[in-house]
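These notes are about the structure you will find just below.
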């Protein structure tokens, strides 16, 4: 049986000023213990790349909890809001 899960939004919905030179991680807790995510969708609206450069890449990846924890630790990321991490 399939069911549609909730729509998630970062605890700080103002994503207008993200720096090009930093990495960001948003951690989402589905609140459904014992359930697995079998599909996901991502909608990005009004994205603006203020400076076009060779090699510009928007890289998005769905990570498990342990991969997020490892990345935050290994990359020395700082918490900038609830479940949002940034690497300088």
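Quick note: the coordinates plus some simple rules give every number you see, no bench work behind them. None of the values given here were measured: they were computed from a predicted structure. Note that each Cβ is placed from the backbone with ideal geometry, even for glycine, and that neighbours are counted across all protein chains shown.
Per residue of the chain, what 222 nm ellipticity follows from adding -39500 (n - 2.57) for every DSSP H run with n ≥ 4, rounded to the nearest 500? Let's see the in-between values first.
Values: 1 runs with 10 residues, N = 88.
So the calculated ellipticity at 222 nm is -3500 deg cm²/dmol.
Could you work out, for the stretch 16-63, what percent of all Cα-Cα pairs fall into each 5 Å distance bin, beginning at 0 Å and stopping at the bin that holds the largest distance?
Bin by bin from 0 Å, the calculated values are 4, 11, 23, 23, 15, 11, 8, 4, 2.
As I understand it, the value is the acute angle between the Cα axis of helix 65-74 and the longest principal axis of the Cα atoms of the chain; what does it come to in degrees, rounded to 10?
Tilt of helix 65-74: around 30 degrees.
Pairs of alpha-carbon atoms within less than 8 angstrom and 6+ residues apart define the contacts here; what relative contact order does the chain have, in percent?
Contact order relative to length: 50 percent.
Residue separation times 0.36 nm, minus the C-alpha to C-alpha distance between residue 65 and residue 83: what's the value?
On the way: separation 18, 0.36 × 18 = 6.48 nm, distance 1.13 nm.
So the extension gain works out to 5.3 nm.
If a paramagnetic tag sat 7 Å from the Cα of residue 20 along the Cα-Cβ line, which residues of the stretch 39-79 would have the backbone N under 20 Å from that point?
Residues passing the 20 Å test: 45-60.
Using just the alpha carbons, could you tell me how many Å³ per residue the convex hull of the chain encloses?
On the way: hull volume 11.4 nm³, N = 88.
In the chain, the Cα hull volume divided by residue count equals 129 Å³.
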